[in-house]
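Read the figures in this text as sums done on the coordinates, not as results from a lab. For clarity, every value in this text was computed on a predicted model and none was experimentally measured. In this analysis, Cβ positions are derived from the backbone assuming ideal geometry, glycine residues included, and neighbour counts consider all displayed protein chains.
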Amino acid sequence: MRAIVSRYGRLLVSSLLLFVAVITVLFVLLELAPGNPIQSLVGDVPISPAFEAQITAAYGLDKPLWERYFIYLGNVFTGNLGFSFGTNEPVLELILGRAGNTLALAVPSFVISTTLGIVLGSIAARTRRRWLDSTISGVAVGLFSVPNFWLGMMLIMVFSLTLGWLPTQGKAPYGQEGIALQYMVLPIITMATSELAYKTRIMRASMIESLSQDFIDTARSKGVSSQRVLWRHAMPNALLPMVTISGYSLGFILAGSVLVERVFGWPGMGLLFIDAIGRQDNQVVLGVVIVLTVTIIIVNILTDVVYGIVDPRLRSQLVRRSTTTRKIEVPA
Amino acid sequence: MTTTDEAIVIGASQPTGTDPGAPTEGRVASRRPTWKVFLGKPSTLIFLPLLLLFVLVSVIGPFFVGSPSATGNPPLLPPSGQFPLGTDDLGRDYLARVVYGGQISLLVGFTVALLCMTIGVVVGGLAGYYGGFMDTALVKVAEFFQVLPGLILALVAAALLGSNVLIIVVILAITMWPSCARIVRAEAMRISKLGYVESAKAAGFGGIRILWSDVIPNAMPPVLVATSMTVGRAILVESGLAYLGIGDTNRPSWGALLNSAQAYMQQAWWLALFPGMCIFLVVLAVNILGDGLNDALNPTIGRVK
């Protein structure tokens, strides 16, 4: 038990330090950014020294660098991400208002790419060096090399503009609330493809590795059917790397949503981010990055926990450590 | 336990684990040179010429096409004999724009990959061979870039610091080198425990000398594969950034052309098709060549019972 607690304790501390590091980098970037913050706040007009001093004091810009850094850090940790320059709304509310739309695309893309990736990768590994494997692997390399956003543009051109089957932009017909299903199809396909290609490749490699282990030979020599060998014996082992890959892939999907949402005019966090960059609304830009980072860190922690649960080696290692019978290695 | 393990490792490494500077007779005789295996693959025969063609076109192409910014022609002409790729919304020759765009995309891709390889070999080699502080620092930095996706960091940095080609290259290299360094690190750690490194130590060679002459040359195969993949990734990320409007507006890359094509998807399919197709083909070529290189360098990997 103590081993488990110390393992997860260390994980939490290092995650927290990572988060502080991210905020520090963002703060430094903000400080390095050229331009005078006061002028960009007021606009391109001459201002009197007295007014300038007043704004400087109001925004705390007269305080030394390290003090502003700790104030910023404190604000982030208390959930205060500042206010948007453009609309004066609290940044956190602005982002959380959009997060649902992003997740509506990201979660289905994640589920589809993971399940299909596992299935296709296993099939490719099983039928290795035959036409089915060549096809799956070839298509996977192809999809892996397509610029995601361009695939979205091509899908729009084929299915929306030429065939007229699906809508081009937005999440619902004009003036309608909520999300309409036919609006989700193309964005989800676009988001899922490159992840699907990546996961298929990883799964194929992992399954080939797993199929070459000695216990597979044992199972085969016992007379276990080849379907059962694949699904019951090789699969659990081959899935272990997929746990880690899937954890990371959620981060890639969320980052990639910036591009996909721009292609399809999907009003999620990504589009908010791009619009904020265009308006130089730095508080919103940094806010989105912070929310994204927190999400990815939480997902990484969950991935680690899941990995600890599913990996029998890690599980038994923890149990062994806690019962202090560590050395049961085979004698040489 | 440790002694048996080491014995196995040393035993397994003996056939190929000789000094890289002096390959033994047996090794050369026993299998074809790696580059011959690589060049003999069907995929290489298709995609290496394709990649070279793209490089050649972007190097000497500008001498053959007109100005990419001359606006005299009718706007939005579909591809024809006079304009093989049509004209854009301002009546500029799209072929010229795609050729010049390729210069930027390829320049960014290859420069970033070379930078990543250089930083990765130095930092990863030191971290893997010496361990200690360097190693911890490298692992932490790599973790950092896993938490903060490169595309997002590059977007923020470019948006705050401004964007020209140099800044984009530097930002991409900063966000991408850790993955290369991790590979070098893992290899260096493995190699530093092998027999020939121990013999070199016993012979009295210093750490840096061993790192330079034994560890890094033997760690290169996976690094070369990773570098070729990095070219593809860098081109993809750059095109993504340019598509979102981050980049040098006076020298549009393929991604920037796609950014301006978005508004004309209905009227002018060629504006969106060709730059994206170029990105796709170059990245595909690089990835497939990387795969082929991987197969040629590690012939035993992937053999299944």
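One table, with the values for the structure above:
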quantity	calculated
Size of electric dipole in the range B:87-178: Cβ of Lys, Arg +1 and of Asp, Glu -1, about Cα centre, debye, nearest 20	100
Nearest 10 degrees, 0 to 90: helix A:269-279 Cα axis against chain A principal axis	30
Under 16 Å from B:Lys41, Cα to Cα: aspartates and glutamates that are on another chain or at least 8 residues apart	B:Asp291, B:Asp295
Burial ranking of peptide ranges B:239-249, A:220-230 (average Cβ count within 10 Å, highest at the top)	B:239-249, A:220-230
Amide proton proximity set for B:Thr87, modelled H, under 5 Å, gap of 5+	B:Leu76, B:Leu77, B:Tyr94
Helical segments meeting 18 Å axial Cα length and Kyte-Doolittle 1.0 threshold in chain B (DSSP H)	B:42-60, B:94-130, B:165-191, B:269-297
Between helix A:282-310 and chain A: long-axis angle, C-alpha atoms, 0 to 90°, nearest 10	20
Extended-chain gain in nm, criterion 0.36 nm per residue less alpha-carbon gap, A:Leu17 and A:Tyr69	17.2 nm
Which of B:Leu297, A:Leu254 has the fewest Cβ neighbours within 10 Å, and the rest in rising order	B:Leu297, A:Leu254
Given charges at beta-carbon only (K, R positive; D, E negative), |dipole| of chain B in Debye	440
Built amide H within the under 5 Å cut-off of A:Phe85, gap 5+	A:Gln283, A:Val284
Tilt relative to chain A, helix A:91-126 - C-alpha long axis, 0 to 90 degrees, to 10	20
Student exercise, the protein assembly as shown dipole from Lys, Arg, Asp, Glu Cβ charges, in Debye to nearest 20	2540
Dipole of chain B, positive direction: furthest Cα of B:Asn259, B:Asn287, B:Gly150, with charges on the beta-carbon	B:Asn287
Convex hull volume per residue for the protein assembly as shown, taking Cα atoms only, in Å³	216
Least to most buried among A:Lys199, B:Lys193 (fewest other Cβ within 10 Å first)	B:Lys193, A:Lys199
Among A:Met207, A:Ser225, A:Phe159 - extreme Cα towards positive end, dipole of the range A:79-227, charges at beta-carbon	A:Ser225
In nm, spacing of pseudo-spin labels at A:Val107 and B:Phe64 (7 Å Cα→C-beta vector)	5.4
Number of partner chain Cβ atoms within 10 Å, mean per residue of B:155-164	6
Computed over chain A: relative contact order in percent, which uses C-alpha pairs under 8 Å that are six or more apart	24
Positive-end residue of A:Ala106, A:Ala58, A:Gln169, charge dipole of the protein assembly as shown with Cβ unit charges	A:Ala106
Residue order, fewest to most surrounding Cβ atoms within 10 angstrom, among A:Ile301, A:Ile253, B:Ile168	A:Ile301, A:Ile253, B:Ile168
Span from the the range B:181-246 Cα centroid across to the the range A:77-121 one, whole angstrom	35
